[in-house]
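Data block below; observations after.
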Amino acid sequence: MALAKKLDIRRNLVVPNVYWGFFKRREADLLVITKAKYCYEIEIKNSFQDFKREFDKQPLPADRFANDDRLKKKIFVLPRHIYKRHAEEMLDLLPAYAGLWTLDGRGHWEEVVRPPNKKKARKLTETEYLQLLRLAYLRTWSLKRKIAVDARNA
């Protein structure tokens, strides 16, 4: 819930696990769409190894981000204790186009590196925006179904 608060879900559309229907060969943990219809990608990392693996992917994340004019910002989010343990290495790996936020166990945020705005980013078209609304709707119902099944099996 701390992430939802930070991303201001009352003002922005936040869509989890976006892949089919919007991207061709990749997934975004979260897409945040502002009222002005700009799109930010949030990449959640749970370990230093997970963070490092991001930069082994092909095509390279920088190419994927640079070539997608729908994305204005990219932000990596990870637990603060992981960042504190690997801060120097993480900052060396962090691309110039990305920001880095950390979160502690009590829901406190720190913006370690502010993400720059990609100058060539454009607003989403009405069709793209409606597609993301549709994906958010579908994701909501599949998560509700999963919760119901888990509750029955508990």
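Observations
- Annotation: residue 102 fulfils all but one of (1) under 29 Å from residue 22 (Cβ atoms); (2) touching a residue at least 40 places away in the same chain (Cβ under 8 Å); the unmet one is (2).
- Residue count for the range 96-108, restricted to those that are at pLDDT below 95, surrounded by 15 or more Cβ atoms within 10 Å (Cβ to Cβ) and either in contact with a helix residue (DSSP H, G or I) (Cβ under 7 Å, 6 or more places away or on another chain) or of a type in the set (Lys, Arg) (or both): 2
- Of everything listed in (1) in a helix (DSSP H, G or I); (2) surrounded by 17 or more Cβ atoms within 10 Å (Cβ to Cβ), the single unmet condition for residue 5 is (2).
- Subset of the range 1-46 (residues that are basic (Lys, Arg) and more than 16 Å from residue 74 (Cα to Cα)): 5, 10, 11, 24, 25, 35
- One residue alone among 120, 24 is in contact (Cβ under 8 Å) with a residue 12 or more places away in the chain, over 16 Å from the mean Cα position of the chain (by Cα), loosely packed, with under 15 Cβ neighbours inside 10 Å and part of a loop (DSSP other than H, G, I, E, B), and that residue is 120.
- Sole exception among (1) acidic (Asp, Glu); (2) over 13 Å from the mean Cα position of the chain (by Cα); (3) assigned to a strand (DSSP E or B) for residue 29, by number: (2)
- Some residue of the range 132-148 being loosely packed, with under 12 Cβ neighbours inside 10 Å, at negative phi and assigned to a loop (DSSP other than H, G, I, E, B): no
The values are calculated or read from the model by the stated rules, or taken from the named source; none is laboratory data. Computed from a prediction, not measured in an experiment: that's the story for all the values here. Cβ atoms come from the backbone with ideal geometry, glycine included; neighbour counts cover every protein chain shown.
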